[in-house]
Protein chains: 2
Amino acid sequence: MRNFKITLEYDGAAYCGWQRQQNGISIQQILEEAMERIIGERVSIIASGRTDAGVHALNQVASFKAQTALAVNKIFLGVNSVLPDDIVVKDAQEAPPDFNALKDAKGKVYVYRIRNQSLRPVLGRQYDWFIRFRLDLERMRRAASYLIGEHDFSCFCATGCDIKSRVRTVSRLDIVRNDDGLMEITVESGGFLRHMVRNIVGTLVDVGRGKLKPEDMPEIIASCDRKRAGMAAPACGLFLKEVKY
Amino acid sequence: MRNFKITLEYDGAAYCGWQRQQNGISIQQILEEAMERIIGERVSIIASGRTDAGVHALNQVASFKAQTALAVNKIFLGVNSVLPDDIVVKDAQEAPPDFNALKDAKGKVYVYRIRNQSLRPVLGRQYDWFIRFRLDLERMRRAASYLIGEHDFSCFCATGCDIKSRVRTVSRLDIVRNDDGLMEITVESGGFLRHMVRNIVGTLVDVGRGKLKPEDMPEIIASCDRKRAGMAAPACGLFLKEVKY
């Protein structure tokens with residue numbers, strides 16, 4: 001068996017997310033079917049983590065094992081020639097036999113895009129969360145500072161998630177806004193809980209619009225109560241930017 | 001009668017172009033219907049010029065006359081509340097009685113976006129022409145230099161166009177490429193012929209890929225023969241950026 005590592009860019013708008021599901025078309029399904037057409041065998045492709053319905057990836061990493069004798073470059077070009085226009089393999093290489101894109105992931109970087117302007121955006125609207133009321137960047141940065149480090153992030157974890165430990169370490173949480181009103185929130189962690197970035201962003205937006213105070217954050221975190229934090233930000237503004245190994 | 005000047009941003013992908021047509025939905029129709037819902041009267045909205053099917057606008061300018069007593073800001077907010085998400089009015093003001101967005105336009109600036117990279121782009125693919133083979137920027141700039149100034153641009157005019165004079169003056173034709181492979185071609189003129197920008201871009205791309213030489217341009221222009229120039233670039237990469245009055 002050979003082992004492969006691939007890097008993917010995708011537009012999540014049309015999909016039910018990374019993972020195969022009964023009631024929707026997933027990126028995993030489309031990719032596995034494309035791969036089967038090229039290498040002539042069924043493969044199970046493992047990503048560094050699931051992305052939710054509507055979430056995009058700039059550099060998702062995935063791995064799979066196959067018996068094919070095809071050169072990796074042939075697989076790379078072949079699979080791209082049959083993938084739809086909203087998924088592309090950016091890189092493909094042969095990986096060490098024990099490489100596993102999920103288990104070996106050491107960390108991930110997500111970017112969330114907010115279009116903060118009074119006017120409804122039109123061009124590029126597919127890739128932003130539009131927020132009309134002016135967000136206070138400094139307040140959001142103060143709130144963000146409380147999230148950096150190791151915490152129990154239960155208050156930002158999707159309800160119904162049955163994971164054992166919800167302690168995670170956020171090593172980076174930057175917020176920048178350019179002159180056009182585009183705000184980018186970058187979050188890095190060794191591991192994320194389900195909906196964690198979107199729930200953090202929704203909460204930071206509540207701070208930016210004055211509904212919450214930056215100083216409320218320690219209490220919200222300590223409560224471990226999902227209802228205390230803000231709503232989840234929409235999926236369309238979220239991008240998986242990098243997976244670290 | 002009052003006279004109004006409005007500035008529009010739109011994503012042209014879903015439309016048959018600016019102008020009303022029998023066999024398709026135009027931006028003009030959608031806008032006139034939205035305006036009628038808000039001000040309660042039928043209006044005829046005149047743009048600075050037509051944009052073709054699939055072409056976008058960052059700042060299209062249009063004008064219309066109406067009897068409404070509504071404050072201009074009410075019209076502005078009202079029409080935006082009923083327009084679909086791919087059209088927005090960015091600005092609305094009362095104009096002098098004789099202002100006409102078409103007749104008074106002194107010049108226009110178009111921007112054409114090319115994504116020049118080996119890999120098929122995914123995120124933002126709606127707004128670029130993807131060209132895989134490496135374009136030679138310096139050759140394209142040399143070719144562009146021949147187009148600046150007053151010329152008979154017949155070779156870049158859509159066939160079947162029955163306009164009298166095809167002499168136009170291009171005052172600016174810049175080409176830049178950033179590190180990500182995004183190439184932007186900016187063209188400014190007092191007036192454009194039908195498909196002129198897209199035909200110029202298609203021809204410059206032929207130069208950039210080596211199919212034509214920069215030094216072929218004077219002869220192509222002098223021929224006044226549409227078949228001598230390159231193919232029209234796709235509509236999706238073209239943006240009306242500015243109308244000058």
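Some values worked out for this structure:
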quantity: Considering residues of segment B:79-111 that are within 15 Å of B:L31 (Cα to Cα) and among the β-branched types (V, I, T) only, the residue most open to solvent (accessible area, probe 1.4 Å); calculated: B:V82
quantity: Single match in A:E188, A:E150 (criterion: modelled with pLDDT of 95 or more, surrounded by 13 or more Cβ atoms within 10 Å (Cβ to Cβ) and assigned to a strand (DSSP E or B)); calculated: A:E188
quantity: Enumeration of residues in segment B:125-147 that are under 22 Å from the mean Cα position of the chain (by Cα) and surrounded by fewer than 15 Cβ atoms within 10 Å (Cβ to Cβ); calculated: B:S145
quantity: Residue match in segment A:227-235 (condition: in contact with a helix residue (DSSP H, G or I) (Cβ under 7 Å, 6 or more places away or on another chain), touching a residue at least 12 places away in the same chain (Cβ under 8 Å) and open to solvent by 60 Å² or more (accessible area, probe 1.4 Å)); calculated: yes
quantity: Residue check for B:A47: open to solvent by less than 30 Å² (accessible area, probe 1.4 Å) and not basic (K, R); calculated: yes
quantity: Conditions (1) open to solvent by 40 Å² or more (accessible area, probe 1.4 Å); (2) away from chain B (no Cβ under 14 Å): number failed by A:E32; calculated: (1)
quantity: Hits in segment B:7-29 (condition: away from chain A (no Cβ under 13 Å) and either in a loop (DSSP other than H, G, I, E, B) or closer than 25 Å to B:S189 by Cα (or both)); calculated: B:C16, B:G17, B:W18, B:Q19, B:R20, B:Q22, B:N23, B:I25, B:S26, B:Q28
quantity: Condition met for B:F76 (buried (at least 18 other Cβ atoms within 10 Å of the Cβ) and not in a helix (DSSP H, G or I)); calculated: no
quantity: Residues located in segment A:81-120, provided they are in contact (Cβ under 8 Å) with a residue 40 or more places away in the chain, within 12 Å of chain B (Cβ to nearest Cβ), in a loop (DSSP other than H, G, I, E, B) and farther than 13 Å from A:A57 by Cβ; calculated: A:L83, A:P84, A:Q117
quantity: Residue that is farthest from the other protein chains (Cβ to nearest Cβ), among those in segment B:52-73 that are assigned to a loop (DSSP other than H, G, I, E, B) and among the small types (G, A, S); calculated: B:A69
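The values are calculated or read from the model by the stated rules, or taken from the named source; none is laboratory data. Just so you know, these numbers come straight off a predicted model, no measurement behind them. Note that we place each Cβ from the backbone using ideal geometry, even for glycine, and neighbour counts take in every protein chain shown. The protein model used for the area step is the full one, side chains on, heavy atoms only, and it has no ligands, DNA or RNA in it. Shrake-Rupley method; radii C 1.70, N 1.55, O 1.52, S 1.80 Å.
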